[in-house]
Amino acid sequence: MNAICGIAMEIKTFCDSKVIRLKKTLIFVFLSILFFAPLKAALPVNMSELRSAAQKGNAVAQFSLAGIYYNGYGVDRNYVLAVKWLYLAAGQGFAKAQYNLGEMYYLGHGVEQNYTEALKWYRLAAAQGMPDAQYNLGVSYATGKGVQQNLAEAFKWYRLAAAQGDAKAQYNLGVLYSKGAGIEQNEAEAVKWYRLSAEKGHIMAQNNLGVMYAKGNGVKQNLTEAAKWFRMAATQGNEKAQLTLGLMYEKGYGITKNHSEAEKWYRLAAEHGNVIAQQKIVTMYANGRK
């Protein structure tokens, strides 16, 4: 068996193939810094003025007040009040409030958990072009939470978010194209979207792009390029990539054979509980490779 066939066979189970909803946390700090920085001059400078503006119907002030209550900035954290102010801002068509209200319903923060209601608010924000909302709407259709599962509809919303540069959506598109789920299988398209996501640092996209290069799926087989992407994912802690990189060093696939490096990556994968990596270390020691 030549090296090309060997690597393709040995990594066949190492690909991350789940279309996932990465755990999203409501981070109003992030939203406040990025979304409100240009508006600070127009916002009240203290809590009393902010509340007054919110009560008068200023949607940005209502959204800011929701963030303050959600995070507990200068007040006791209160999810119920956060929902109240989000609801008022969302009712005025404020997309960021609609998206975050959807998150509150999805997570059950300050309101009874309700995936159908979450979907409603995601859809409103998504219709305004908000990529996070488009992504979460795609996830809702992919997982069947709040709506009947529909991978074709999930693909539609992932595609919209991915076109705006959302790395999670780009990764999920890659998975759908690779598996032929919700769309006709197209491994070249899978490579395209994995690459766009991987270039933004998405760990599983980096691993899967390595797999595509190693197996020659959707792209010309190139073990050196495969090793490059596995290394990126492995460095970020992806155990599948660590295991595969260890294999490539052990066998000399695409990189110079180096048993010390192989053991290093096997050990890191083993520390994540990877049984194959643990077995590889035992075998290396049994063969006198330390």
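The values are calculated or read from the model by the stated rules, or taken from the named source; none is laboratory data. On a predicted model such as this, the values are computed, not experimentally measured, just so you know. So basically every Cβ, Gly included, is an ideal-geometry build from the backbone, and we count neighbours across all protein chains shown. Just the protein is used for accessible areas: all its heavy atoms, side chains included, with ligands, DNA and RNA removed. Shrake-Rupley method; radii C 1.70, N 1.55, O 1.52, S 1.80 Å.
Heavy-atom surface analysis with a 1.4 Å probe gives segment 171-248 a carbon and sulfur content of 46 percent of its accessible area.
Put the Cα centre of segment 78-103 next to the Cα centre of segment 194-217 and the gap is 36 Å.
Assign one of three labels to segment 187-268, namely rounded, prolate or oblate, based on the Cα gyration tensor with a ≥ b ≥ c the square roots of its eigenvalues; rounded applies when a/c is under 1.5, prolate when it is not and a/b is larger than b/c, and oblate otherwise. It is oblate, given that a/c is not under 1.5 and a/b is not larger than b/c. Averaged over its residues, segment 145-290 has an accessible area of 44 Å² per residue, based on protein heavy atoms and a 1.4 Å probe. How high is the FRET efficiency from HIS259 to GLN279, r the C-beta distance, R0 22 Å, rounded to 0.05? Computed FRET efficiency for HIS259 and GLN279 comes out at 0.90.
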